[in-house]
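The values are calculated or read from the model by the stated rules, or taken from the named source; none is laboratory data. Here the structure is a predicted model, which is why all the values come from computation and not from measurement. As a convention, Cβ positions derive from the backbone with ideal geometry for all residues, glycine included, and neighbour counts pool all protein chains shown.
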Amino acid sequence: MDIEDLSHVKVYSASRHLENIQDAPSSVSIITADEIQRYGWRTLGDALRSLRGFYTSNDRQYTYLGIRGFLRPGDFNSRILELLNGHRLNENVYGSAAIGTEFPLDLDLIDHIEVVRGPGSSLYGTNAMFGVINIITRLPSQQPTIDTSGDTSSFLGRSGRATIMGGKGDLSGLLSASLDRSDGPSTLYFPIFASPDTNNGIAENMDGTRIAVAYSDVHYGQLRVQGMFSDRVKKFPTGSYGAVFNNPADQLEDTRALLDASFHHSFASQMDLDVRAYYDFYNYVGTGAFAIPDSTQPVIGYGKARADWVGTEVNITKQFGESRLTVGGEYEYTIDATQRNFNAGQPDSFHSDRSSYLGAVYGEAQLDLVPKLIIHAGGRLDYFSNSGAAVSPRFALIYKPTPRSTLKYIFGKAFRSPNAYEEYYADDVTIAPAPERLEPEGMLSNEIVFEHRPVTWLGIIADGYYNRLRKLIDQVPDGNTGLSYFVNDGRVLGKGLELELSAERKTGLAVRASYTASTTVDDVAHGPLANSPITQVKLDGTMPVFKWGFGSADMLYVSALTDYQGTRVPSYLLPSLTLSTKPSPGGWQVSASCYDVSNSRSFSPMGPNDPEDQIQQDGRTYRVKLSYRLPLRRRRGDR
């Protein structure tokens, strides 16, 4: 599609109903399945960091997402809301949003990703402070089909996926399973451990990953049932949390599962009803070898976290001429949120077992009363059994002076409720109990967006924002005990400008360039916020290669920043190249990618629980991927 076609694409996530992207009360970007394939993006984080204002870091355990100059050290992406077909993916212990290899879905199953910038708590509640990321999977086809893929990559990486789909009448379904293995670099060097007692700072075979994922999606008329299971085991070489460096016991395991049943019905009276009920499961096991006094052998320590929760939500949208009203409610009950620490063969040194609930109501009106002018106004009231109530209003004014131009002003208030880890974790070894009850964090945001298409194939976006965050939950030291505790202590001011130029032709030729300038200030320390680059420049493009494929290139530049210890982290420039074929008549498709072509070996900032303040990334790596799609013949008489 060219830019003219893209402007009429319907998006759901900005208002919880389908609308033109121009009419959405947010700045919205869409990442398509074609882009994921043509640019060779391996993880959700790779795709997101190609967008203006987004950047990532990686500590060889998880991938972290920075948005508009905000990437809190030690945060697990809890200030962004992640959805899978509208189902909340943020788990109920740490509130984390998974975007790296821990993301619980194969990217080949994605149809497109809706990225909604700015506060989204007015419709979605907690976590939706800086935006909402809704991953939309491809729908099962009626034609019985087997779809497979496999790849090989640097560090003995290998993965395989098999998907089968088909249907008859009102029934259709999809079932997919995938496995991923990587040995990681055989050696990694960490200067802080450069001593003969710690193998001269060299971690050997300590970066391997094993991943298993299964996903199902069944449709029967207006009913949809989804199921997902993901398990990842990741070795970590960093000696985090005081673990013995270069010990094979140092690893973590993340397990995520869900079962979701949703029902959609459109009434003749221009009203739509959506009902959802779900069950979610999350389990984390961190294992490490820890030195103990007067012993030559370390003890194996375990940190575990588990949560089960159920919920339901109802959403009703009613159209009145050109105007629309959306109302809804949600209830969620956390059956169990458990956190434990213990050493092998010993009783728990820390144990917390809590239940909680939340209830919410929300509503938003879209008023098209005056030509060329759209008004969005609404809000949401949440009540949490552990932290009380939170109110989240949003107001947007959208003016369209011409069919090719749109000017938006968006004001919103968003929040994040304290998670179970912040509220209840207190091992009295590193973290003490919070001295007072934690309150929800809050953010006030003002944003102005100008979108213009001078010609059908060219798009221009200018986006300016001003964010004020207060009551941020920080881990602060206690000078008397040497421990730390969580408290609503942080205040941050952020402002920035994002510019984007994109061109798209139906031939497949496409170019997108963006520039981001941001200033984010810690209003408590009165200095620049940690992990906050001032400048980002991004350029990506794809072009047809003869009749059989595409050549694509993307380039990321992120300026220098300071880590949580105040140390400078160098700027980096990461160019990547991908060559991919179109599907052949026989169903085959091939792609080959080279990442960090210049082998710049950039650095990522670390968190306060890591001995290093920054670590080097892998540098130049490769991947070759092969896909095959086989339509199966229907039996005679099938319809």
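Rundown of residues vs (1) hydrophobic (A, V, I, L, M, F, W, C); (2) surrounded by fewer than 16 Cβ atoms within 10 Å (Cβ to Cβ), yes/no style:
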| residue | (1), (2) |
| --- | --- |
| K506 | no, yes |
| L529 | yes, no |
| G541 | no, no |
| S552 | no, no |
| T562 | no, no |
| Q565 | no, yes |
| S584 | no, yes |
| W588 | yes, yes |
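Restricting attention to the stretch 56-66, the residues being under 13 Å from the mean Cα position of the chain (by Cα) and either surrounded by fewer than 23 Cβ atoms within 10 Å (Cβ to Cβ) or farther than 22 Å from G490 by Cα (or both) number 3. Residues in the stretch 225-267 that are crowded, with 18+ Cβ neighbours inside 10 Å, among the charged types (D, E, K, R) and in a strand (DSSP E or B): R232, K234, K235, D254, R256, D260.
Taking the numbered list (1) outside any strand (DSSP E or B); (2) hydrophobic (A, V, I, L, M, F, W, C); (3) crowded, with 18+ Cβ neighbours inside 10 Å in turn, A289 passes all entries but (1). Applying the criterion of being in a loop (DSSP other than H, G, I, E, B) and basic (K, R) to the residues of the stretch 493-523, the residue that is modelled with the lowest pLDDT is K506.
If you filter the stretch 422-460 down to residues that are touching a Leu at 6+ places or on another chain (Cβ under 7 Å) and β-branched (V, I, T), you find that the one that is nearest to R512 (Cα to Cα) is I460. Answer yes if at least one residue in the stretch 191-201 is closer than 30 Å to M606 by Cα, surrounded by 17 or more Cβ atoms within 10 Å (Cβ to Cβ) and among the aliphatic types (A, V, I, L, M), and no otherwise. No. Applying the criterion of being within 24 Å of H87 (Cα to Cα) and of a type in the set (G, A, S) to the residues of the stretch 123-166, the residue that is farthest from the chain's Cα centre (by Cα) is G166. Scanning the stretch 590-627 for residues that are among the β-branched types (V, I, T), under 19 Å from S559 (Cα atoms) and crowded, with 18+ Cβ neighbours inside 10 Å yields one hit, I615. In a residue-by-residue description of the stretch 478-492, the property of being more than 28 Å from Y425 (Cβ to Cβ) and assigned to a strand (DSSP E or B) applies to no position. A Cβ distance below 8 Å, combined with a sequence gap of six or more or placement on separate chains, defines the contacts here; from the stretch 505-520, residues that are aromatic (F, W, Y) reach residues that are surrounded by fewer than 21 Cβ atoms within 10 Å (Cβ to Cβ) in the pairs Y515/L499; Y515/T535; Y515/V537.
For the stretch 183-200, state whether one or more residues are aliphatic (A, V, I, L, M) and assigned to a loop (DSSP other than H, G, I, E, B). Within the stretch 183-200 (the criterion being aliphatic (A, V, I, L, M) and assigned to a loop (DSSP other than H, G, I, E, B)), the answer is yes, since at least one residue qualifies. Taken residue by residue, the stretch 145-158 has at least one member that is aromatic (F, W, Y) and closer than 24 Å to Q617 by Cα.
Being surrounded by 20 or more Cβ atoms within 10 Å (Cβ to Cβ) and under 30 Å from G329 (Cβ atoms) is not true of M206. When the strands (runs of 3 or more DSSP E) confined to the stretch 61-153 are screened for residues that are closer than 27 Å to A420 by Cβ, those reaching at least 1 such residues are found at 63-67, 81-84, 110-117, 131-137. In the stretch 238-255, the qualifying residues are those that are in contact (Cβ under 8 Å) with a residue 60 or more places away in the chain and polar (S, T, N, Q), and the one that is nearest to R210 (Cα to Cα) is T238.
Restricted to the stretch 549-639, the set of strands (runs of 3 or more DSSP E) holding at least 2 residues that are β-branched (V, I, T) comprises 572-581, 621-631.
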